[in-house]
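The values are calculated or read from the model by the stated rules, or taken from the named source; none is laboratory data. Owing to the predicted nature of the structure, the values given are computational and were not obtained by experimental measurement. Note that each Cβ is placed from the backbone with ideal geometry, even for glycine, and that neighbours are counted across all protein chains shown.
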Amino acid sequence: MILNCIAVDDEPLALGLVASFVEQTPFLKLAGKFSSAVDALKAIHSQKIDVLFLDIQMPDLNGIELARVLDNSKSKPRIVFTTAYNQFALEGYRVDALDYLLKPFNYEEFLHAANKALAYCELLEKSNTPATVTTATAPEERIEDEYLFLKVEYQLVRIALSDILYIEGLKDYVKVWLKSAEKPVLSLTSLKSLEEKLPSRRFMRVHRSFIVSLDKINSITRNALQIGKINISVGDQYKENFSHFLSKWV
């Protein structure tokens, strides 16, 4: 896989260094280099860009602002921040950056970030590939994906759907509780986003803060359910769907 890249930095020496690192990396292709985030934005909208090596402190439009603009783009590139300021690390995480390189960085550090981008894009491509239709499956039906890919810190983690007990939504994060681990997987995403990705025949939103795996439910009442040692109440707006599911139990 070859990744199309753009480098953005208002410092000529820093821009030239990143561009040279891209050009000497076999799986990266330099599609452009810009000293302005505004010019980079125009280029991103005119071609497919996989990875954006992006400085933060720039005039007119800074790197964080550009990342927020791209967050609403259908063809959003993965972002690797290249900056001399470590105080933006948390903000970089919030805008879903793949990595955060602190200047001055060497080629080894750059290559580590580039490899992370490659792994992310390869996993994303694999997850978007339609599942194979088996001989026992009707032509119009496809076997659902068995894995969920979650952004955990600065890496993409594969979670088996069969391992999920329930998912708890917090303000900006979700906790994915697994039967194979004592501690949950913490990811910066929304419960609504996960609800749209999960197969509805296997998972159900039962509360504004909870999605449950239906085959992990141990017991049910009309207003609550139990998975392992935790009791989860059913929210009022989800009771109709839950009652329909409950009718299959009785």
Here the residues within region 181-239 that are of a type in the set (Val, Ile, Thr) and either within 20 Å of the chain's Cα centre (by Cα) or under 21 Å from Leu148 (Cβ atoms) (or both) are Val185, Thr189, Val206, Ile211, Val212, Ile217, Ile227, Ile230, Ile232
Taking region 18-39 and keeping residues in contact with a helix residue (DSSP H, G or I) (Cβ under 9 Å, 6 or more places away or on another chain) and either assigned to a strand (DSSP E or B) or aliphatic (A, V, I, L, M) (or both) leaves Val18, Val22, Leu28, Lys29, Leu30, Ala31, Gly32, Lys33, Phe34, Ala37, Val38
* Asked: If you go through region 1-11 one residue at a time, do you hit one that is at negative phi, touching a residue at least 60 places away in the same chain (Cβ under 8 Å) and among the β-branched types (Val, Ile, Thr)?
  -> yes
**OP:** Kindly indicate whether any position in region 26-35 is among the polar types (S, T, N, Q), surrounded by fewer than 19 Cβ atoms within 10 Å (Cβ to Cβ) and out of contact with any Leu (no Cβ under 7 Å at 6 or more places or on another chain).
**Re:** no
For region 163-175, the count of residues that are under 14 Å from the mean Cα position of the chain (by Cα) and buried (at least 19 other Cβ atoms within 10 Å of the Cβ) equals 1
Of the residues in region 16-25, those that are touching a residue at least 24 places away in the same chain (Cβ under 8 Å) and surrounded by 14 or more Cβ atoms within 10 Å (Cβ to Cβ) number 4
Residue count, region 215-233, condition in contact with a strand residue (DSSP E or B) (Cβ under 7 Å, 6 or more places away or on another chain) and either without any contact (Cβ under 8 Å) to a residue 24 or more places away in the chain or crowded, with 16+ Cβ neighbours inside 10 Å (or both), comes to 11
Scanning region 40-67 for residues that are loosely packed, with under 14 Cβ neighbours inside 10 Å and either part of a helix (DSSP H, G or I) or not assigned by TED's automatic domain parsing to the domain that holds Ala117 (or both) gives Lys42, His45, Ser46
Scanning region 176-198 for residues that are more than 23 Å from Asp236 (Cβ to Cβ) and either in contact with a Pro (Cβ under 7 Å, 6 or more places away or on another chain) or surrounded by 12 or more Cβ atoms within 10 Å (Cβ to Cβ) (or both) gives Val176, Trp177, Leu178, Lys179, Pro184, Val185, Leu186, Ser187, Leu188, Thr189, Lys197
